[in-house]
Amino acid sequence: MNHDFGAHIDWLVKNVDSRKRKLPTFAHLSGTMTNRVRDDIDKFIDAHAFDKVLDEDGGVIEFGVPEEFSGRYVVLNRSYQNTQIFTDLLPKMTLVSLVSLFDAFIARIVRAVFQAKPEILNGSEKKLSYLEIMEFGDLDETREYVVSLEVESILRMSHSEQFDWLENKISIPLRKDLDAWKFFVEITERRNLLVHSDGLVNKQYLKVCKLAGRDMSSDFETGDRVSVAPEYYEQACDCIAEIGIKLGQVLWRKLLPDDLDAADSSLINTIYSFLFMREYEQALILGKFAAIPAIKNSKLEHTYYLKINHAIALRGLGREDDCVKLLEDVDWSALSDKYRIAAAVLTKKWNDAAELMERIGPKGDIAKPQYRVWPLFRWFRKTDEFKETYKKVFGEAFKIMGNTSPDDDREEDIEEAGKPNGIAIEHSVEDDVSGSQTNQEEVSGEGLVEASS
């Protein structure tokens, strides 16, 4: 078994992102197909229908079909009904898939918990017969079988019960002050309605949501039918990702305190990915999470990266005053140029940033790919100061190139090269800072607490 929490978090984020970004595309295609079939029916009516009955607006509401064309009409009408039904079902099916994705993530995380803390299995009530034990080749196979039984048992629980189980086994509150939990419960309960009652609201849905702190009685009554609007679906994707990332990070840090460096890197790169895609709200949520006292960092370099990414999110959301205020917590002038240029850029000191860029040079801590794609430089890249200095430092005009080949993978390569923990800028910061934050205390009772704004 593998306790690679980082891989599980990355898996969840990528799969949620896929569902979030591709549903609008497929919904549009499905809607386009529906409209095309509707147009075919209208053309059929114009060409072959007789005894037409019109409504007040002149639209055809009833008509006769010649016998020789009845088969064609049945096919068109059935096709129209099918595309209509599928277009309506598509967002609902994707929401169900989203919750199923989280269930698969829970299975991965629970296995990681068993691997990181094997003694949890000592409390397992699963019993094996002598014959079953003899069928296994060794103790590891037997243990894997028991773990599988435990995971299956946990997956049969409600999501609230799953968190109860984790809190009990790890001795840490995971939902204290976690505002996203209310919406998370509603998402999972809405999924249950879609799967078990074709979306019809029942008392159980209203009761569970209210107990979680999200009263839906003003939106629905028993017997109403829930839907999955585009805005709701996007928010659901963000909520599932937030809950999963925070859960994985807290369990990782709690169970493996000696692995803080890897946990930090995972969190930094996750936030970077959101910034890269301009998902500033998600980046801000994780930036606040990274700033709570319970989230310790293995070294100051990571603390600075997280703070800078937090500031980028604020800037991306237009909260420039908050961005400047956040950066005032650190004396950036005492640090190396890569940190100083970040502070200069985020506070719009373009001349200072240009001077630092020139001093860093073409072979310094920040290379050409980072200037071209880092979210940090998004606003700086638009200035004359940046373009003039870029040409001076690298001997070429600044421009981003693409091509029409379907095999062009430069975007992926550029994103990887630009990541804060990527090989392109991997180096020691021992000379950059006066000390390091190595406190590896266990995550305290704050759990997945939401940080204040």
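Observations on the model:
- Separation between Cα centres of region 244-299 and region 161-219, rounded to whole Å: 24
- Applying both filters, DSSP loop and at most 14 other Cβ atoms within 10 Å, to the GluC sites (Glu not before Pro) of region 310-369 gives 328.
- Pairwise label distance in nanometres, residue 28 with residue 7, each label 7 Å out on the Cα-Cβ vector: 3.6
- Cut-off 16 Å, label 7 Å out along Cα→Cβ of residue 277, residues of region 13-27 by amide N: 13-26
- Inter-label distance, residue 324 to residue 258: 4.7 nm, where each label sits 7 Å from its Cα along the C-beta direction.
- Net length gained if the chain between residue 45 and residue 217 were fully extended (0.36 nm per residue, minus Cα distance): 57.4 nm
- Extension gain from residue 351 to residue 74, taking 0.36 nm per residue of separation minus the Cα-Cα distance: 92.7 nm
- In a fully extended conformation the segment linking residue 89 and residue 317 would gain 78.7 nm over its present Cα-Cα distance, using 0.36 nm per residue.
- Computed label-point distance, nm, for sites residue 204 and residue 97 using a 7 Å Cα→Cβ extension: 2.5
- Of interest is the spacing of the C-alpha centroids, which for region 383-404 and region 45-114 amounts to 50 Å.
- Amide hydrogen neighbours beyond the local backbone of residue 157, cut-off 5 Å, H modeled: none
- Sorted by Cβ density within 10 Å, fewest first, the residues 372, 190: 372, 190
- Protection proxy ranking of 275-288, 373-386 - average other beta-carbon atoms within 10 Å, highest first: 275-288, 373-386
No value in this document is a laboratory result; all are computed from the given coordinates. Keep in mind it's a predicted model, so treat the numbers as computed, not measured. When we count neighbours, we look across all protein chains shown, and the Cβ atoms used for this are built from the backbone with ideal geometry, even at glycine.
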